[in-house]
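The values are calculated or read from the model by the stated rules, or taken from the named source; none is laboratory data. Computed from a predicted model, the values in this text were never measured in an experiment. Counting neighbours? That spans all protein chains shown, and the Cβs are built from the backbone with ideal geometry, glycine included. Remember, those area values only see protein heavy atoms, side chains included, never the ligands or the DNA or RNA. Shrake-Rupley method; radii C 1.70, N 1.55, O 1.52, S 1.80 Å.
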Amino acid sequence: MQKNSVISPWGILSSLVLVVFVLPILIVISSIFGEWSENWSHIYDFALFNYIYNSSILVIGVLFIVLIIGTTSAWIVTNYQFFGKNTLEWALILPLAVPAYILAYTFTGLFDTYGTANILIRDLFGFEDNYTLFPNVRNLVGAIIVFSFTLYPYVYLVTRSAFLNQSQSMLEAGRLLGLNAIQIFYKLGIPIIRPAIIGGAMLVAMETLSDFGAVEHFAIQTFTTGIFRAWYGMYDIQTAMQLASMLLVFVGLFIILEKNSRDNARYTSKSSTYKPKKLKKLKGYKAFFAFVLCFFPICIGFILPISELSVWMLNHNLNFFNDKFWTTATNTIFLGIISAILCSVLALIVNFLIRLKNNNLSKIVSSLLSLGYAFPGLILAVGIVQLFVWLDRYLFSGSEIVLTGSLIGLIFAYIIKSYALSNSAIESGYERISITLDESARTLGTSDIRLLSKIHFPLLKTSLLTSMLIVISEVVKELPATLILRPFNFETLAVSTYIYAAEERMIQASAPAVAIVLIGLIPIIILTKMIRLSRVGRKH
Amino acid sequence: MKPSVLEIKNLSHSYENETSILENINLLVKSGEIISILGSSGCGKTTLLRIIAGLEKQSRGTVEINHSIVSDANFSTPPENRNIGLVVQDRALFPHLTIYENVNFGIRNLSSEIDIPLEYLKLFKVENLSKKYPHEISGGEQQRVALARSMAPNPDILLLDEPFNALDKQLKTELHNETKKIFRKKNSTVIIVSHDIEEAKFFSDKIYKMKNGQLAEMSIMTKN
């Protein structure tokens, strides 16, 4: 029978998956048609302005800094050759392994009045005990710095890739028309890759708005802290969902901008006059300046927090690697592996359907599922809790609490959050499998299932492994969704770090924090490998 | 009189918002016949092959295999249920399977006492490569394996889409001779799509030329 029918078992399956996945978001949005409680009036009168103001300033400030760091460093490493350039080129993405909340904890540990940096300065120069050189970081400016130095790699990655695809001929034409090196950067280099930059910047904006751990630690009132307080402080899930709906408006805006920029990105692609770039060799103070510019963000975003965490660990004889740590680590890895398997299998099935049917339904399902990455974990958590409360009420008549507070909700949230990453790994794996293999298999009498199990699955092993590692790393880092959806007394590394840091027990927080960073390094290593191979003209 | 294996009636095809690529094609292929379809790039000859294989669905007309309609305007039998062999220019060997496993892939009669894959590997003189992987053998050897793989399940029709295109002249001549002998020995029904008139003359009982989406018989060849 005809193969492209939408009403097929595969079509029904993908539609069902889509419905299940969008339900939590729909539930959150539906809250705006519900009752507006007194708590909402209180928030509206006293806090909403702060949420909007702080969230906006935070996003604007972070975008300003990440655009400068991301584009400048990407321009330098793609156009110039200097001492350490090859290492810096991949090392610039290392801060991605450090979640913003961990950098926030180490920043306070370093720069508080009695933090390591101020103590060091006092000891070094014999200043009085109450002397502080470094200003307080527990404020909006501190948060902007923290987010900027963990999130700039998003802009760096897309910008670097776009710069690599820029033609040398075009830049040379600019030089011949009288532009100097700096003018070439901001008059030619930047405007041509503007869509890519906007795409990267929107990812940063979404990540900034999604964060809970760092802003909570710095006691900044934003939407996410507001949602958390409405729920845990006022025990008012309806108000929490209404606040989440407002946050969704901003997230939706960034999603549209990001999607739009991705659609426009094609005009940065190679033209027929493309000529690979020849790197200009820098010497003397210029080489030093380029090195410092690229090294500085790595230093703040990666070396500094890792050093501080390592010092805390070593100064305390690693005593906190106790039973509790190992239980927490086991919980985290267990959740990571389960979510990674489910997420990768889902991405495999959806991509297989796209390959098999090549119809719009599968593509729409995949695009919509990929949007899950953009939704803050806190919003997903609120939606999932409400969904599970209803399901418990209607499926089990409210006599038992089966789903609410179970690991199912947590894994569900992780899958929604991580699907886009998993999908990207599997999708790129599929792009490398020639369609003629499928056609040959088909004419040799192969069924759908056999095609998947005997041809696609073996050829996608590496992509599946990559997908799983990336998901595990995301799960390990995810804080707000875990904090809300975890079963009672169930701790993960992220939760453990958060609880210790909330109690200002930074030293105890360092063990789980280091574990999170180490696991977070896995996908970074994969990415760095890809970066080293991605130079145009290089054989893969 | 030989029975017909493939019959195409009034077949037309066009892609969305595009002009017709195939127009009112009629074709009858009898058992054991080898035919060639010649034509320039993009004339629609590969599309016709893909429609016969079930990899694409025509806009109008019917395709019959062994007197059963396998596709018309309303339905299409999936390629895996048509018992058709296909060899494409890039060979499409499964890179993660050995040569033996590649040839064995499409064989459904697993209880057979004869080692069918080995038989076909011997036929194409590549039995010594059975344990190797596709990337470990040469282009000519890959082509032999691709042909062996497509013939091993004993398909009703074998479709060859410019199968010898990527080979050098000497290798091409050598493979032409051997392949034709095997086709005759196995009494295979074969449709070859090519742009090489000499190749078509060498292989075919009939040659068709495709121009502006229409198929016209050029000449009837004397069997070698």
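Please list, ordered by first then second residue, the pairs with beta carbon atoms under 8 Å, 6 or more apart or interchain, first in the range A:461-475 and in the same structural domain as A:Ala513 (by TED's automatic domain parsing), second of a type in the set (Val, Ile, Thr) and open to solvent by less than 10 Å² (accessible area, probe 1.4 Å).
A:Ser463/A:Ile426; A:Leu464/A:Ile426; A:Ser467/A:Ile426; A:Val475/A:Thr332
Which one of these is in contact with a Leu (Cβ under 6 Å, 6 or more places away or on another chain), in contact (Cβ under 8 Å) with a residue 40 or more places away in the chain and open to solvent by less than 30 Å² (accessible area, probe 1.4 Å): A:Val59, A:Val66?
On the way: A:Val59 fails: in contact with a Leu (Cβ under 6 Å, 6 or more places away or on another chain).
None of the other options fit; the residue is A:Val66.
Looking only at strands (runs of 3 or more DSSP E) that lie completely in the range B:135-224, which have at least 2 residues being more than 16 Å from B:Val87 (Cβ to Cβ)? Quick ask: steps written out before the conclusion?
On the way: elements: B:157-161, B:190-194, B:206-211, B:214-220.
It comes to B:206-211, B:214-220.
If a residue has to be surrounded by fewer than 24 Cβ atoms within 10 Å (Cβ to Cβ) and not polar (S, T, N, Q) to count, how many in the range A:490-516 make the cut?
Matching residues across the range A:490-516 total 13.
Which of the residues that make up the range B:155-171 are touching a residue at least 24 places away in the same chain (Cβ under 8 Å) and open to solvent by 10 Å² or more (accessible area, probe 1.4 Å)?
Listed by number, the residues that qualify are B:Pro155, B:Asp156, B:Asp161, B:Glu162, B:Asn165, B:Ala166, B:Leu167, B:Leu171.
Got at least one residue in the range A:442-449 being within 14 Å of chain B (Cβ to nearest Cβ), touching a residue at least 12 places away in the same chain (Cβ under 8 Å) and surrounded by fewer than 23 Cβ atoms within 10 Å (Cβ to Cβ)?
Yes, the range A:442-449 has at least one match.
Looking at (1) in contact with a Ser or Thr (Cβ under 9 Å, 6 or more places away or on another chain); (2) within 14 Å of chain B (Cβ to nearest Cβ), find the lone condition where A:Leu378 falls short.
Going through the list (1) in contact with a Ser or Thr (Cβ under 9 Å, 6 or more places away or on another chain); (2) within 14 Å of chain B (Cβ to nearest Cβ), A:Leu378 breaks only (2).
Matching residues to (1) more than 21 Å from A:Val215 (Cα to Cα); (2) among the aliphatic types (A, V, I, L, M); (3) away from every other protein chain (no Cβ under 14 Å):
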{"position": "A:Pro458", "(1), (2), (3)": "yes, no, no"}
{"position": "A:Ile472", "(1), (2), (3)": "yes, yes, yes"}
{"position": "A:Thr497", "(1), (2), (3)": "no, no, yes"}
{"position": "A:Glu504", "(1), (2), (3)": "no, no, yes"}
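Assess whether A:Glu431 counts as being away from chain B (no Cβ under 14 Å), in contact (Cβ under 8 Å) with a residue 60 or more places away in the chain and open to solvent by 10 Å² or more (accessible area, probe 1.4 Å). Give the derivation first.
Details: away from chain B (no Cβ under 14 Å): yes; in contact (Cβ under 8 Å) with a residue 60 or more places away in the chain: no; open to solvent by 10 Å² or more (accessible area, probe 1.4 Å): yes.
So A:Glu431 does not fit the description; no.
Can you pull out the helices (runs of 4 or more DSSP H) entirely within the range A:156-238 that have at least 3 residues that are out of contact with any Gly (no Cβ under 9 Å at 6 or more places or on another chain) and more than 16 Å from A:Ser55 (Cα to Cα)?
A:168-176, A:194-210, A:223-232
In the range B:99-117, what residues are more than 7 Å from every other protein chain (Cβ to nearest Cβ) and touching a residue at least 40 places away in the same chain (Cβ under 8 Å)?
Residues satisfying the conditions are B:Ile99, B:Asn102, B:Val103, B:Asn104, B:Ile107.
For A:Ser397, all conditions in the list (1) in contact with a Pro (Cβ under 9 Å, 6 or more places away or on another chain); (2) away from every other protein chain (no Cβ under 14 Å); (3) open to solvent by 10 Å² or more (accessible area, probe 1.4 Å) hold save one; what is the number of the exception?
So the condition that A:Ser397 fails would be (1).
Within the group B:Asn10, B:Asn26, which residue is closer than 16 Å to B:Ile191 by Cβ, open to solvent by 40 Å² or more (accessible area, probe 1.4 Å), away from chain A (no Cβ under 14 Å) and in contact (Cβ under 8 Å) with a residue 40 or more places away in the chain?
Testing whether each residue is closer than 16 Å to B:Ile191 by Cβ, open to solvent by 40 Å² or more (accessible area, probe 1.4 Å), away from chain A (no Cβ under 14 Å) and in contact (Cβ under 8 Å) with a residue 40 or more places away in the chain leaves just B:Asn26.
In the range B:42-98, how many residues are assigned to a helix (DSSP H, G or I) and either without any contact (Cβ under 8 Å) to a residue 12 or more places away in the chain or within 8 Å of chain A (Cβ to nearest Cβ) (or both)?
Residues that pass the stated criteria total 5.
Mind checking whether some residue in the range A:308-330 is on the phi > 0 side of the Ramachandran plot and not aliphatic (A, V, I, L, M)? Let's see the steps before the verdict.
Let us first name the residues in the range A:308-330 that are on the phi > 0 side of the Ramachandran plot, namely A:317-318.
Those left that are additionally not aliphatic (A, V, I, L, M): A:317.
Yes, because at least one residue in the range A:308-330 is on the phi > 0 side of the Ramachandran plot and not aliphatic (A, V, I, L, M).
If you check A:Leu179, A:Leu96, A:Leu140, A:Leu188, which single one turns out to be touching a Leu at 6+ places or on another chain (Cβ under 9 Å) and within 30 Å of A:Ile525 (Cα to Cα)? Before you say what the answer is, go through the steps one by one.
On the way: A:Leu179 fails: within 30 Å of A:Ile525 (Cα to Cα); A:Leu140 fails: within 30 Å of A:Ile525 (Cα to Cα); A:Leu188 fails: within 30 Å of A:Ile525 (Cα to Cα).
Of A:Leu179, A:Leu96, A:Leu140, A:Leu188, the one residue that is touching a Leu at 6+ places or on another chain (Cβ under 9 Å) and within 30 Å of A:Ile525 (Cα to Cα) is A:Leu96.
Among the residues of the range A:496-513, write down those that are over 23 Å from A:Leu304 (Cβ atoms) and in contact (Cβ under 8 Å) with a residue 60 or more places away in the chain.
none
Give the number of residues within the range A:280-323 that are open to solvent by 70 Å² or more (accessible area, probe 1.4 Å), part of a helix (DSSP H, G or I) and within 21 Å of A:Pro512 (Cα to Cα).
3
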